[in-house]
Amino acid sequence: MEAPLGQAALSFYYDSLKVYQPPQSLAELLSWTKQHPGRFTFPKPPEFLGMSFLKYALIILKENQPDDIKNKLYQAATAESVAQI
């Protein structure tokens, strides 16, 4: 769901009978998805929420990268930027 004034938030749901300790960060989610292939889903881009999740994930998971790499996440994708990121 999207909040008014452009402040969007993503909510994640899980089945507590199947997942006893859900990931608490994107780094944990990345690790969890590698351990449980095919168990995590999100809307397929270019759907808005799917794109929003991917943009958020790239920004958070790449936050230790040099500024020139991080800044490319806010620009239109090119073959060069995709290869770098």
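Tallying residues that are basic (Lys, Arg) and closer than 26 Å to residue 77 by Cβ within segment 31-49 yields 2. Just one of (1) modelled with pLDDT under 80; (2) open to solvent by less than 60 Å² (accessible area, probe 1.4 Å) fails for residue 77. It is (2).
Taking every residue in segment 46-74 that is among the aromatic types (Phe, Trp, Tyr) and pairing it with any residue that is outside any helix (DSSP H, G or I) and modelled with pLDDT of 85 or more, at least 6 positions away or on another chain, the pairs with Cβ-Cβ distances below 8 Å are 53/42; 53/43. Every test in (1) assigned to a loop (DSSP other than H, G, I, E, B); (2) within 19 Å of residue 85 (Cα to Cα) is passed by residue 22 save one, and that test is (2). Filtering segment 35-69 to residues that are open to solvent by 80 Å² or more (accessible area, probe 1.4 Å), over 22 Å from residue 83 (Cα atoms) and either among the aliphatic types (A, V, I, L, M) or not in a loop (DSSP other than H, G, I, E, B) (or both) leaves 35, 48.
Within segment 12-51, being more than 12 Å from the chain's Cα centre (by Cα) and small (Gly, Ala, Ser) holds for 16, 31, 38.
The values are calculated or read from the model by the stated rules, or taken from the named source; none is laboratory data. Values in this document were obtained by computation on a predicted structure and should not be read as measured data. Every residue, glycine as well, gets a Cβ built from its backbone with ideal geometry; the counts of neighbours run over all protein chains shown. The protein model used for the area step is the full one, side chains on, heavy atoms only, and it has no ligands, DNA or RNA in it. Shrake-Rupley method; radii C 1.70, N 1.55, O 1.52, S 1.80 Å.
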